[in-house]
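Below you'll find the structure, written out as structure tokens, and then a few comments.
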Amino acid sequence: MGRYDFKVPVGPQHPALKEPESFLLTMHGEKIAGMTVRLGYNHRGIEKACEAQTYIRDVYLIERVCGICSHSHATCFVQAVEEIAALEVPKRAIYIRTLIAELERIHSHLLWLGVAGHEIGFDTLLMYTWRDREVVMDVLAMLTGNRVNYGMNTIGGVRRDITAEQIPQVLKAVDTLEERTKYYIQVATEETTIIKRLSGVGMLSYDDAVKLGAVGPTARASGVDRDTRRDDPYAAYGELTFKVITDKHCDVYGRTVVRLGELMESYKMIRQLLANLPDGPVTVKAPRKIPAGEAFSRYEAPRGEDVHYVKANGTDKPERVKVRAPTLANVQVVAHMLKDGYLADMPIVVAAIDPCFSCTDRMVSVEDDYHSGKNIMTWPALRSAGIDWYRKRGIDFSDLNRRLRVPEN
Amino acid sequence: MANVFFNLLIFPGFLFVVVLGMAAEYVDRKFCAKLQNRVGPPWYQPFADLVKLVAKENIIPEEADAGIFKLMPIIAVTSIITAFFYIPLWQMKALFSFYGDLIVVIYLLTIPTLAIFLGGWYSRSVFSRIGATRAMTQFFAYEIPLFLSILAPAMLADSWSLSEITVFYSKHLWLSLLNSAGFAIALVALLGKLEKVPFDIPEAETEIVAGTFTEYSGRLLAFFRIAIDIELVVGSSLLAAVFLPFGLNLSFMPGFVLYLVKVLFIVALLSLLRTIFARLRIDQMINFCWKYVAPVAFFQLIVDLVVKGIIKQ
Amino acid sequence: MIKPGKMMIQVLQSLFKKPATTLYPFVKTEMPDKFRGKLKYYPERCIGCMLCVKDCPSDAIVIKKIGEKKFQAEINLARCISCGQCVDSCPKKALESTKEFELAKLSREQLKVVFSEESCSGSEAKT
């Protein structure tokens, strides 16, 4: 560190971040010389809690991993469980799931536009996009019964049907939103101050994107042509025609263009889905005890590729559930993108990967500074370290241990 | 004697300028809200904000220099109110005027920026220091265009006193149309001085929390907020006096109303500019100011010098 | 064509439009049909199978037997996440979601609601 270097703590609490995460920046004037990322502030122990609940309860628990991509997580989990149980989900249910998925993608991208506008100081864009987002949320409330955390999925299908009166309302909302999105595309490509703030910021070349494992619009803006909806079709995507939007700009401006393009593609997909909605039941009876097996399910959430792994052992509770959210793959590129950047670019670069830290914090590994010679603390070592720490300060838990009949070690 | 005290403290002195500052802040926020298709705050919101801040506790960080920390808001408020007395409002003569008061007004307008810088620097927190350095860097970018755009009409009117400038332009109203480029430049530079988007870089909320005001709270922050409101009023009045010098010889009531309309019109223009732009980075702002804004200001100065030469003949 | 102030026209047009804000609570908002708000329980239809208790993700509902084939439900509104799984699980349609969403109360005890035959709309727990 030179004489004029100082550290700026961005987070855990900072107006630029919507959720707590710690980015410790080493500054040299206005330029960023280095960055340390610490995750784990949003860890809630969801994966462990899933093992103690039945499958039908787990659907709701997994849905609440994140508020904006809740349907993504629920669908991914339910797809994995249905694969283990070898259930044949009816076609109408698959189409309804895809419809809600695309509506959620619209909702998420409009939210992102507003947040990006706020991070660069353009509050008008925030107000306008969030006003238009209300249209989508009203449609979702009408279809599913709630504005976020839709609760549409159940093991074996969906819980509600779409009536014929609701379809014209959905189409009208999609028409309104398409007109507004065309206006936002014009604003994003023609407004001077936006282009100045977003261009040349957060550069990520094609090779770096592939090497560091970026997913979603972050990677597609660097020309990486990967989209789980096309490469590994799940739900109804195998029967829809759509384009995968990529861009060559490799910076935050490219990511904006990719997300706006994806919005336009979502409108087309919703029209195709509603025109070809098949008839039939919406759910199939699922057993309470899922037979032993394991499954791996992938889903293209609005932020990138979401991966769930479920292992069942024949009882009505899963043995292991693992969630890998797309933001975990993207957060490793942030340090790379901010090298030699300005402090003023930090909020927009972090916002450009569309961070959802609630999704990300699934596992915390604790380094063992207490007993030397080991790297990761084991569970008994952590417990004994805690007991020793309190004993040094005069608090003894041995009475409690005796009452609970816990072995002393 | 009592008349002078009345003028200084009540009207158009301290009390009047504080109330006008709050009214200007209300117009700014309400107009901005209407442009963004939302409702906006009620009319008593700036007053309620100030009352709330005054009722809260002053927290002074341990590492900060307590003397300068407490002194800077007071200096900001007093200097900006003093500048108000030298600007002609609704008559051709200001409350106090003397030859050279144009320079005094411009210098008094720079003191709040200096107070913000020193207050932020002596707060000794990382965010305040970054905000303070940005405030000073931005100062070097907009001060020259602002000064030149006020100087050009002064050169044409051949005087250094604001009151005499307004007398001159009231007589030759068509000459003030030549200063339109200067008006536009002064508006842009005023955006920089008042730290509004696209130039609100020292107080960028999403980057450095609150910039120079991060450690301030309670009464001291209330004083800074009052200083910013009054700066808005003083800047608008200065622009109205130099670039919109019409209707200054009416009687008191219509003249007063016309003055309020002029000031609130300039405040509304600043609001409009605030809603349609994003925030610039500090290096982009300095680039922009020196590449585009300063040349136009120089051009305006040359135009006025040429016209003055033609008139003299 | 790149020019500054692209949003100027839309922004000026907004001056003449109604604001997009709903002035809640002076103007009431109406939720769509089948919105999942507060629960409603019909004690006469309940058979005590406890499937709703088994399937509730947050253990918000407790069914108690108060007589021969008479049951009462105690719902803790603070724990209920309005997922509606109990509504789906019940074989006799004894539970239903209403559209009421203004459920704020001043203490946690007031949020425990008892549905029994005397009060079909739910009264506060006596403890």
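Figures for the structure shown
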| read-out | value |
| --- | --- |
| Cross-link partners of B:K56 among aspartates and glutamates (Cα-Cα below 15 Å; sequence separation of 8 or more within a chain) | B:E215 |
| For chain A, built as a Gaussian network whose Cα springs stay under 10 Å, the top-fluctuating residue of A:R159, A:R391, A:R255 | A:R391 |
| At most 14 other Cβ within 10 Å, DSSP loop - trypsin sites (Lys or Arg not before Pro), region A:259-355 | A:K285, A:R288, A:K289, A:K339 |
| Where only C-alpha atoms are counted, convex hull volume of chain B per residue in Å³ | 137 |
| Reference-scaled alpha-carbon Rg (2.2 N^0.38 Å with N residues) for region B:235-299 | 1.50 |
| At least 18 Å along the helix axis (C-alpha) and Kyte average at least 0.0, DSSP helices within chain B | B:14-35, B:66-84, B:101-121, B:126-157, B:180-193, B:218-243, B:252-275, B:294-312 |
| Exercise: per-residue mean of other protein chain Cβ atoms within 10 Å, C:11-22 | 5 |
| GNM top mover of B:E215, B:E164, B:E205 - chain B, alpha-carbon springs below 10 Å | B:E205 |
| Helix runs (DSSP H) in chain A reaching 15 Å along axis by Cα, Kyte-Doolittle at least -0.5 | A:70-85, A:91-119, A:123-144, A:166-190, A:252-275, A:326-337 |
| Bins of 5 Å, starting at 0 and running to the largest distance - Cα pair percent for region A:157-267 | 2, 11, 16, 17, 17, 15, 10, 6, 4, 1 |
| For region B:216-265, the fraction of alpha-carbon pairs in successive 5 Å shells from zero, as % | 5, 20, 21, 17, 12, 9, 8, 5, 2 |
| Share of alpha-carbon pairs per 5 Å distance bin for region B:93-239, given as whole % | 2, 9, 17, 20, 17, 12, 9, 7, 5, 2, 0 |
| Gaussian network model of chain A, springs between alpha carbon atoms under 10 Å - residue of A:G238, A:G386, A:G40 with greatest fluctuation | A:G386 |
| Cα-based convex hull, region B:159-249, per residue volume (Å³, whole number) | 117 |
| Local electrostatic count, A:A312, Cβ distance below 14 Å [Lys/Arg +1, Asp/Glu -1] | -1 |
| Region B:234-313 versus region A:244-318: alpha-carbon centroid distance in Å | 55 |
| Förster radius 22 Å - calculated FRET efficiency between B:M136 and B:D283, Cβ distance, rounded to 0.05 | 0.95 |
| Packing-based ranking, highest mean first, of B:255-261, B:22-28, A:14-20 given that Cβ atoms within 10 Å are counted | B:22-28, A:14-20, B:255-261 |
| Compactness of region A:16-78 - radius of gyration and Dmax, Cα, Å | 17.2, 54 |
| For peptides B:113-122, C:82-91, sequence by mean Cβ density within 10 Å, most packed first | B:113-122, C:82-91 |
| Three principal axis lengths of region B:1-110 [C-alpha, angstrom, descending] | 44, 43, 29 |
| Rotationally averaged projected area of the protein assembly as shown (alpha carbon convex hull; nm²) | 46.0 |
| Between region A:378-395 and region C:43-87, the Cα center-to-center distance that results, in Å | 42 |
| Average projection area in nm² (convex hull over Cα atoms of region C:2-72, one quarter of hull surface) | 10.6 |
| All Cα pairs of region B:90-162, percent lying beyond 21 Å | 42 |
| Ranked packing of B:184-192, A:128-136, A:48-56, most packed first, by mean Cβ within 10 Å | B:184-192, A:128-136, A:48-56 |
| Viscosity 0.890 mPa s, 25 °C: Kirkwood-radius Stokes-Einstein D of chain C over Cα pairs, µm²/s | 141 |
| Two-decimal ratio, region B:157-313, of alpha-carbon radius of gyration to 2.2 N^0.38 Å | 1.21 |
| Calculated P(r) of chain A - Cα pairs past 37 Å, % | 30 |
| Span from the region A:105-128 Cα centroid across to the region A:45-83 one, whole angstrom | 28 |
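Since every read-out is calculated from the coordinates, none of them should be taken as a lab result. All of these numbers come straight from a predicted model, not from anything done at the bench. Glycine also receives a Cβ, built like all others from the backbone with ideal geometry; neighbour counts cover every protein chain displayed.
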